[in-house]
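Written below as structure tokens is the structure these notes are about.
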Amino acid sequence: MVSSNEYGSHTWELSLTVDHEDVKNAILLPVTGDLHVGGLMLKLVEKINIAQDWSDYAFWWEQKKCWLAKTHWTLDKCGVQADAKLIFTTQHKMLRLRLPNMKTVRLKVSFSSMVFRAVSDICKMLNIRRPEELSLLRQSEGTLKKKKKKDKNSKEPATEDIINLGNSPVSAGLPANSGLYSKTMTPVYDPVSGSPASSTITWFSDGSQKEQSCSILSLSHPTCSPETLAEMYQPRTLADKAKLNAGWLDSSRSLMEQGVLEEDQLLLRFKYYTFFDLNPKYDAVRINQIYEQARWAILLEEIDCTEEEMLIFAALQAYHVSKLSLSSETQDSTCESEVDEVEAALSNLEVTLEGGSKSNILEDITDIPKLADNLKLVRPKKLALKAIKTYWFVFRDTSISYFKNQESAQGEPIEKLNLKGCEVVPDVNVAAKKFGIKLLIPVADGMNEVYLRCDNEDQYARWMAACVLASKGRTMADSSYQPEVQKILSFLQMKNWTMCSQAASEPENVDLKPECFVSPRYTKKFKSKQLIARILEAHQNVSQMSLVEAKLRFIQAWQSLPEFGLSYYIVRFKGSKKDDVLGVSYNRLIRIDLATGDPITTWRFSNMKQWNVNWEIRQVAIEFDQNVSIAFTCLSADCKIIHEYIGGYIFLSTRSKDHNETLDEELFHKLTGGQE
């Protein structure tokens with residue numbers, strides 16, 4: 001026994017485990033409660049007596065699942081007592097990340113930093129700007145079942161499919177501003193082909209893998225086989241789609257605190273659908289990964305689209321992006337005029353929370369434009385009959401009024417519809433000359449459905465753009481109105497193709513597997529030759545695009561889908577006896593009927609006054625303008641995920657190009673962290 005005089009009356013022994021191959025047994029150190037964590041590290045390293053760099057090591061408290069990150073705190077302040085099990089281990093560990101293009105990278109990541117900071121460092125390594133749009137997702141058990149049934153032995157990708165970035169500067173724990181990230185905004189990728197610039201490649205590991213690694217991140221490669229596609233998880237219902245969003249990691253806690261272990265595999269995905277400041281000069285990897293996430297979402301039917309839209313997506317990815325990505329001429333060309341055209345198109349592509357002015361031109365606010373035209377009003381089916389009647393419609397501010405005819409427009413309207421906060425759904429079939437607008441207008445007991453039918457593309461584009469802006473509380477005086485009209489016309493133009501003799505004769509000679517480029521629903525509906533012919537037909541309108549422009553058009557078409565940007569969760573609203581689905585988007589929340597999929601109510605973030613969580617009962621409560629308040633519990637995921645989604649979108653709405661890409665990390669955690 002050691003006398004108390006030797007160590008002092010308040011000395012006690014602490015058992016420490018060292019995560020090092022040369023230290024097999026736990027080490028007992030005599031300590032006092034007023035010893036700070038940094039002093040404990042020093043005593044332990046002196047006791048180990050192994051000459052090496054210990055700077056990346058820190059204490060992990062196994063029972064409490066937390067890091068002793070504040071080295072100036074004493075053991076008493078940390079709450080460490082004699083029964084504590086502390087592990088002295090590295091903070092940076094190897095992690096496997098599955099990117100949106102389904103490629104897996106293996107790299108060193110900080111397991112002690114908050115996930116928000118870890119994702120930021122990862123994105124700098126991969127040359128992806130705007131890391132706040134991404135996060136890490138743990139694949140839920142429900143989405144793995146189908147794959148396990150197919151092949152129980154398939155636990156991880158083959159070694160040759162993994163891009164090993166373990167020796168890159170950031171992985172080694174060096175400052176995060178190194179790596180492939182261009183902080184000075186110098187173009188590091190060819191703006192047209194997306195191939196890496198030679199100076200960039202040096203950041204990758206030595207050997208021929210340098211160029212290959214860059215290429216895999218920034219270029220699209222041939223898609224997987226139909227057999228592989230069939231084995232992947234495909235959501236069939238809203239409940240299935242809710243499973244896809246259940247595994248988002250908490251951005252305010254570290255990987256280790258959330259049970260992530262070394263060599264685990266996580267998904268790196270775009271979590272927030274607000275792609276800010278896309279620029280093909282600097283965003284080759286980012287644009288490609290957004291394109292890939294959109295492509296897989298469509299192929300796996302995570303988002304619904306019409307037959308016409310599916311063929312456009314197939315034409316862009318199958319016969320264009322894939323072809324150009326494999327073309328050496330494309331990789332070697334740098335046509336500035338094409339880049340200028342792409343940059344001009346970007347003003348139509350950005351999606352920001354409640355929009356933002358794309359021009360500094362002052363609008364005359366005293367003269368708000370209006371639309372007036374004959375449109376058809378389609379009443380919902382009653383007794384199996386559909387009433388279609390032509391009225392004179394006037395669109396002013398954010399409201400639509402309709403009259404019996406143009407002469408009676410000076411009097412009282414038959415009905416006036418306020419579109420602020422409504423859902424606007426396109427109902428278009430270009431081939432059938434059908435140009436419809438479905439409006440779901442919030443009323444006291446749910447949503448009132450109104451269908452408008454336009455005569456042609458131009459009329460549809462003008463009225464559709466006005467409806468979209470009005471739903472966000474903006475008028476046609478807003479500078480984004482004309483770009484919105486052009487975006488809609490551009491999308492309609494892609495759909496408006498005619499079969500030419502060359503396309504008709506090509507299907508026999510084309511080496512194309514349409515099953516790889518359209519969702520299973522359409523492969524079952526059409527024969528292979530039919531699909532090839534229709535894809536070639538659709539390709540006529542996109543054949544002149546450059547590679548980057550084709551990807552941007554694909555993303556733009558994805559953004560035009562009614563379900564774009566919706567993340568689903570199964571919830572139980574306070575006072576309700578049945579479960580509903582909550583759709584979280586970049587500018588609103590939507591309550592959806594779980595059985596029918598019909599929207600019930602919409603609440604916009606612009607009308608939100610405050611939101612909070614009762615952590616004891618895990619209930620989210622939100623207050624809106626006009627004394628509207630809702631409360632719900634989340635059944636398909638932790639309520640913290642929804643809380644973070646809402647705060648995250650509010651945070652992203654504060655971004656500005658003038659802020660020199662500096663993120664206010666403190667504000668993000670204030671809006672998303674909650675008070676557990």
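The values are calculated or read from the model by the stated rules, or taken from the named source; none is laboratory data. Remember, it's a predicted structure, so these values are computed and weren't measured experimentally. Cβ placement follows ideal geometry from the backbone for every residue including glycine, while neighbour counts extend to all protein chains displayed. Ligands, DNA and RNA are stripped out before the accessible areas are found, and what is left, the full protein with its side chains, is counted by its heavy atoms. Shrake-Rupley method; radii C 1.70, N 1.55, O 1.52, S 1.80 Å.
A compact table of results
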{"quantity": "Unique residue being modelled with pLDDT of 90 or more, part of a helix (DSSP H, G or I) and hydroxyl-bearing (Ser, Thr, Tyr) when the list is Tyr319, Tyr291", "calculated": "Tyr291"}
{"quantity": "Test: Trp54 is more than 27 Å from Gln265 (Cβ to Cβ), touching a helix residue (DSSP H, G or I) at 6+ places or on another chain (Cβ under 7 Å) and in contact (Cβ under 8 Å) with a residue 12 or more places away in the chain", "calculated": "yes"}
{"quantity": "In the stretch 477-511, residue farthest from Ile368 (Cα to Cα) [restricted to those that are among the hydroxyl-bearing types (Ser, Thr, Tyr) and at pLDDT below 85]", "calculated": "Ser505"}
{"quantity": "Lone unmet requirement of (1) part of a loop (DSSP other than H, G, I, E, B); (2) open to solvent by 40 Å² or more (accessible area, probe 1.4 Å); (3) not aliphatic (A, V, I, L, M) for Arg534", "calculated": "(1)"}
{"quantity": "Scope the stretch 95-115; condition in a strand (DSSP E or B) and open to solvent by 20 Å² or more (accessible area, probe 1.4 Å); matching residues", "calculated": "Arg96, Arg98, Arg106, Lys108, Met114"}
{"quantity": "Members of the stretch 60-78 that are surrounded by 13 or more Cβ atoms within 10 Å (Cβ to Cβ) and without any contact (Cβ under 8 Å) to a residue 40 or more places away in the chain", "calculated": "Trp61, Lys64, Leu68, Thr71, Trp73, Lys77"}
{"quantity": "Filter result for the condition that a residue is assigned by the TED database to the domain that holds Ala387 and open to solvent by less than 50 Å² (accessible area, probe 1.4 Å), over Glu449, Glu423, Glu415", "calculated": "Glu423"}
{"quantity": "Selection from the stretch 584-602 of residues that are touching a residue at least 60 places away in the same chain (Cβ under 8 Å) and open to solvent by 40 Å² or more (accessible area, probe 1.4 Å)", "calculated": "Leu594, Asp598, Pro599, Ile600"}
{"quantity": "Residue satisfying all of: in the stretch 376-395; under 16 Å from Ile441 (Cβ atoms) and touching a strand residue (DSSP E or B) at 6+ places or on another chain (Cβ under 6 Å); modelled with the lowest pLDDT among these", "calculated": "Pro380"}
{"quantity": "Qualifying residue in the stretch 622-632 (condition: closer than 17 Å to Thr237 by Cα and not basic (Lys, Arg))", "calculated": "no"}
{"quantity": "Flag if Glu665 is among the charged types (D, E, K, R) and either out of contact with any strand residue (DSSP E or B) (no Cβ under 8 Å at 6 or more places or on another chain) or buried (at least 19 other Cβ atoms within 10 Å of the Cβ) (or both)", "calculated": "yes"}
{"quantity": "Qualifying residues in the stretch 129-152 (those that are modelled with pLDDT under 60 and outside any helix (DSSP H, G or I)) - the one most open to solvent (accessible area, probe 1.4 Å)", "calculated": "Lys152"}
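Okay, residues lined up against (1) within 19 Å of Tyr649 (Cα to Cα); (2) open to solvent by less than 30 Å² (accessible area, probe 1.4 Å); (3) at pLDDT 95 or above; (4) out of contact with any Ser or Thr (no Cβ under 8 Å at 6 or more places or on another chain):
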| residue | (1), (2), (3), (4) |
| --- | --- |
| Gln544 | no, no, no, yes |
| Glu549 | no, no, no, yes |
| Leu552 | no, yes, no, yes |
| Val571 | no, yes, yes, no |
| Leu582 | yes, yes, yes, yes |
| Arg604 | yes, yes, no, yes |
| Asn614 | no, no, no, yes |
| Gln626 | no, no, no, yes |
| Ser629 | no, no, no, yes |
